[in-house]
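Just so you know, all these numbers are worked out from the coordinates, no wet-lab data involved. As the structure is a prediction and not an experimental result, all values here were calculated from the model. Counting neighbours? That spans all protein chains shown, and the Cβs are built from the backbone with ideal geometry, glycine included.
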Amino acid sequence: FDSRDGVIWFDGAFVPWSDAKVHVLTHGLHYASGVFEGERAYGGVIFKMREHNQRLIESARLLGFEIPFTVEQIDRACVETLARQGFEDAYVRPIAWRGSEMMGVAAQQNTIHLAIAVWQWPSYFDPAQRLKGIRVDLAEWRRPDPRTAPSRAKATGLYMICTLSKHAAEQKGYADALMLDWRGQVAECTGANVFFVKDGALHTPTPDCFLDGITRRTVIDLARKRGVEVIERAIMPEELAGFEQCFICGTAAEVTPVSEIAQWRFTVGDLTKALMEDYEATVRPAAKAEVAAA
Ligand code: PMP
């Protein structure tokens, strides 16, 4: 991945893709003092870019550092990087981290860096599997108590749990893993939020110790526009037996149906299909409207 063509925006300037490197004594590498975003461009326009870049700034503040660029500057850098890469549909990855001046847990004076890379990532899951619904395992690792880690931040350190869970699931032949939280309630997948359908209503866990995804909020709005009741509440894993449909959603995953979670089975039903279509229709015309307004 580090030897591609193209450019990466790095601390305010474009550098060749393969030169966008950090020192091995980077604080972010040793102590996970990093935050990032995942954004998607459709038809050359980044969906909900401002919300993502605002969340990047908030995530950094939750880790105690200030990104040395304004949200306007970050927006512009994302747009320019996308344009320089020449992609219409692409994934956009801004990342900010503490630099390498001081080694040790304390690094309050270290330089804060920001980089933005853009690449093509058409489907997060296998496209054929995606239509049939993906198979998901139940993870052994749990989302932490918000008193243990700043769980509202999209922070690199929190992804240690996601990678452990995703690798364990893949080794058993599953596409992803559903993690419970520290209390044993259903939380989220390793890079996406989860929804269930029962009797025509949507049920989704209250995001009190995991990421309240921008896609999650978009899907809730789309469901309500359809007149579908959306219930945010604590969901216990035993309840999965009573749900008819399940899907996960995130910027990379978009809306992806789930056919099974461990011993539980779901159908790819009408509401899931309708929300997949609504989401697709939202990200594309919204993108066009933003272009017209700019
Ligand atoms: N949970 C986790 C752990 C994620 O990595 C993501 C993807 N950023 C999400 C949820 C969904 O967030 P969003 O819809 O903002 O991409």
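Key figures
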| item | result |
| --- | --- |
| Extended-chain gain in nm, criterion 0.36 nm per residue less alpha-carbon gap, A234 and E260 | 7.3 nm |
| Length-normalised contact order of the range 184-268 in % [C-alpha pairs under 8 Å, at least 6 apart] | 34 |
| Dipole magnitude of the range 7-119 about its Cα centre (Cβ charges: Lys, Arg +1; Asp, Glu -1), debye to nearest 20 | 160 |
| Amide H partners (placed H, <5 Å) of D89, local residues excluded | G43, G44 |
| Karplus-derived 3J(HN,Hα), 6.51/-1.76/1.60, for each residue of the range 51-63, Hz, glycine and proline x | 4, 5, 6, 5, 5, 4, 5, 5, 4, 4, 4, 5, 9 |
| Label-point separation in nm, E170 to V24, each point 7 Å along Cα→Cβ | 2.5 |
| Subset of K21/K273; K21/K132; K166/K273; K21/K172 violating a 32 Å alpha-carbon distance limit | K21/K273; K21/K132; K21/K172 |
| HN-Hα J in Hz across the range 240-253 - Karplus 6.51, -1.76, 1.60, θ = phi - 60°, x for Gly and Pro | 4, 4, x, 8, 8, 10, 8, 8, 10, 8, x, 4, 6, 6 |
| Per-residue ³J(HN,Hα) for the range 107-124, Karplus 6.51 cos²θ - 1.76 cosθ + 1.60, θ = phi - 60°, Hz, x for Gly and Pro | 7, 5, 8, 5, 4, 8, 9, 9, 10, 9, 10, 10, 8, 8, 9, x, 9, 6 |
| Antiparallel bridge percentage (DSSP; both residues within the chain; nearest 5) | 75 |
| Residue-averaged [θ]222 nm for the chain, counting only DSSP H segments that reach four residues, each worth -39500 (n - 2.57) | -9500 deg cm²/dmol |
| Relative contact order of the chain, defined on C-alpha pairs under 8 angstrom at six or more residues apart (%) | 18 |
| For the range 127-283, share of DSSP beta bridges that run antiparallel, in % to the nearest 5 | 60 |
